[in-house]
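> My questions will all concern the structure given below.
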Amino acid sequence: MTALLVAAGGAYGVHLAYTAVALGWTGLGPGPRRVTRTRRAVSTGRLWLAQAGLEGVRPGEFVGVVLLLAVVCGLGAYALFGGLLPAAVVAAFAASFPPASYRAHRRQRRERAHDAWPRVIDEIRVLTSSAGRSIPQALFEAGRRAPDELQPALDAGHREWLLSTDFARTVDVLETLLADPTADATFETLLVAHELGGTDLGRRLTDLASDRLADVHARKDARARQAGARFARGFVLLVPLGMALAGLSVGTGRAAYTTVLGQAVVVAALGLVIACWVWAGRLMRLPETARVRGR
């Protein structure tokens, strides 16, 4: 029996050593670790937060803020309207504010990074053509003078390049962290040139920089035209809130809200306000350029 146990242990040790070297498996289990759905969700949540510049915020903390805001606004709505249904509607709407704020912050970071790409692309062109830098060296040298919004991703890509010297893996890291169509086009162009070589990289980068610069000017013009409409959108929430508060001083005030008819009217009004708010946001949303990834 002892000999059988020793043989089984030795065989299992050989299995662990072989799978660790040949397949990259870790741990003492017979197969690779399975990533649970929860861990994948947490990893995705951290990536989304990092893209908005919230690297230090954990997904659990973000969810806690959402729940806290929903509870506070729900209690305020209950104190105002005296009913559970209006309070639930307001709480659900308030819970959408942190994700909406995150998306707006992420969009602003992407817009600032988007505006900087033509200059970065042109600098990469100069470094690869006139200064004789290699493509990875030119990318990270130009990245040191890029805006703060690009720095975390470029630093992570630089670390990956220094550790692996695999430019394809480096490009994967950069594209995942930046999640930007212009970045995708730039990195894929550099990757093809790095792997296949050629003498027309300068022309390609010039054309890409010109195209991105035209897109930047068009988007800036569109945002300038929307400035007044975005300011007016705030009144979709402020005016109904002011009217609801003014209603407390008219007639029976809060008591009128607590009737069956009053609750129905309040819920319908809240639904219309939320629908107008969402509809206005969709109307003013600029079209997103589709991401193009070569792999």
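The values are calculated or read from the model by the stated rules, or taken from the named source; none is laboratory data. On a predicted model such as this, the values are computed, not experimentally measured, just so you know. Methodologically, a virtual Cβ is constructed for each residue, glycine included, from the backbone with ideal geometry; neighbour enumeration extends over all protein chains shown.
> Could you give every pair whose Cβ atoms fall below 9 Å, whose first residue belongs to the stretch 240-251 and is surrounded by 10 or more Cβ atoms within 10 Å (Cβ to Cβ), and whose second residue is of a type in the set (Phe, Trp, Tyr) and at pLDDT 75 or above, counting only separations of at least 6 or pairs across chains?
Pairs found: Ala244/Phe81; Ala244/Tyr257; Gly247/Tyr257; Leu248/Tyr257.
> For the stretch 108-123, enumerate the residues that are out of contact with any Leu (no Cβ under 6 Å at 6 or more places or on another chain) and either surrounded by fewer than 14 Cβ atoms within 10 Å (Cβ to Cβ) or not basic (Lys, Arg) (or both). Quick ask: steps written out before the conclusion?
To start, the set of residues in the stretch 108-123 that are out of contact with any Leu (no Cβ under 6 Å at 6 or more places or on another chain) comprises 108-112, 114-117, 119-120, 122-123.
Hits for the stretch 108-123 are Gln108, Glu111, Arg112, His114, Asp115, Ala116, Trp117, Val120, Asp122, Glu123.
> Scan the stretch 271-294 and give yes if some residue there is at pLDDT 80 or above, charged (D, E, K, R) and either over 21 Å from Arg103 (Cα atoms) or out of contact with any helix residue (DSSP H, G or I) (no Cβ under 7 Å at 6 or more places or on another chain) (or both), otherwise no.
yes
> Here is a further query. Quick check on my filter: what residues within the stretch 119-137 are within 27 Å of the chain's Cα centre (by Cα) and over 16 Å from Asp172 (Cα atoms)? Don't jump to the end; show me each part of the working.
In the first step, residues of the stretch 119-137 are kept if they are within 27 Å of the chain's Cα centre (by Cα); the result is 119-124, 136.
Result: Arg119, Val120, Ile121, Asp122, Glu123, Ile124.
> For the stretch 150-170, give me each residue that is under 16 Å from Ile135 (Cα atoms), surrounded by 19 or more Cβ atoms within 10 Å (Cβ to Cβ) and small (Gly, Ala, Ser).
Of everything in the stretch 150-170, just one residue is under 16 Å from Ile135 (Cα atoms), surrounded by 19 or more Cβ atoms within 10 Å (Cβ to Cβ) and small (Gly, Ala, Ser), namely Gly157.
> Could you tell me which of the residues Ala185, Ala179, Ala246 is over 24 Å from the mean Cα position of the chain (by Cα) and among the hydrophobic types (A, V, I, L, M, F, W, C)?
Values: Ala185 fails: over 24 Å from the mean Cα position of the chain (by Cα); Ala179 fails: over 24 Å from the mean Cα position of the chain (by Cα).
Going through Ala185, Ala179, Ala246 in turn, the sole match is Ala246.
> Right, something else. Within the stretch 88-115, which residues are free of Cβ contacts under 8 Å to residues at least 40 places away in the same chain, of a type in the set (Ser, Thr, Tyr) and assigned to a helix (DSSP H, G or I)?
Across the stretch 88-115, the qualifying residue is only Ser101.
> Which one of Leu75, Leu85, Leu80 is touching a Phe, Trp or Tyr at 6+ places or on another chain (Cβ under 8 Å), among the hydrophobic types (A, V, I, L, M, F, W, C), part of a helix (DSSP H, G or I) and outside the structural domain of Thr206 (by TED's automatic domain parsing)?
Working: Leu75 fails: touching a Phe, Trp or Tyr at 6+ places or on another chain (Cβ under 8 Å); Leu85 fails: touching a Phe, Trp or Tyr at 6+ places or on another chain (Cβ under 8 Å).
Selected residue: Leu80, the only one of Leu75, Leu85, Leu80 that is touching a Phe, Trp or Tyr at 6+ places or on another chain (Cβ under 8 Å), among the hydrophobic types (A, V, I, L, M, F, W, C), part of a helix (DSSP H, G or I) and outside the structural domain of Thr206 (by TED's automatic domain parsing).
> Identify the single condition in (1) at pLDDT 80 or above; (2) hydrophobic (A, V, I, L, M, F, W, C); (3) surrounded by 11 or more Cβ atoms within 10 Å (Cβ to Cβ) that Phe231 does not satisfy, given that it satisfies every other one.
(3)
> Report yes if some residue within the stretch 81-90 is surrounded by fewer than 19 Cβ atoms within 10 Å (Cβ to Cβ) and among the aromatic types (Phe, Trp, Tyr); otherwise report no.
No: zero hits.
> Another one. So Gly202 passes all but one of these: (1) touching a residue at least 60 places away in the same chain (Cβ under 8 Å); (2) within 15 Å of the chain's Cα centre (by Cα). Which condition number does it fail?
(2)
> Filter the stretch 142-182 for residues that are under 18 Å from Glu195 (Cβ atoms) and not hydroxyl-bearing (Ser, Thr, Tyr) and give the result. If you could, list the steps in order and put the result at the bottom.
First, pick out the residues of the stretch 142-182 that are under 18 Å from Glu195 (Cβ atoms): 157, 160-161, 164-175.
Residues satisfying the conditions are Gly157, Glu160, Trp161, Asp166, Phe167, Ala168, Arg169, Val171, Asp172, Val173, Leu174, Glu175.
> Something else: So, of the residues in the stretch 171-204 that are over 17 Å from Ile121 (Cβ atoms) and either in contact with a Cys (Cβ under 6 Å, 6 or more places away or on another chain) or of a type in the set (Val, Ile, Thr) (or both), which turns out to be surrounded by the most Cβ atoms within 10 Å (Cβ to Cβ)?
Val173
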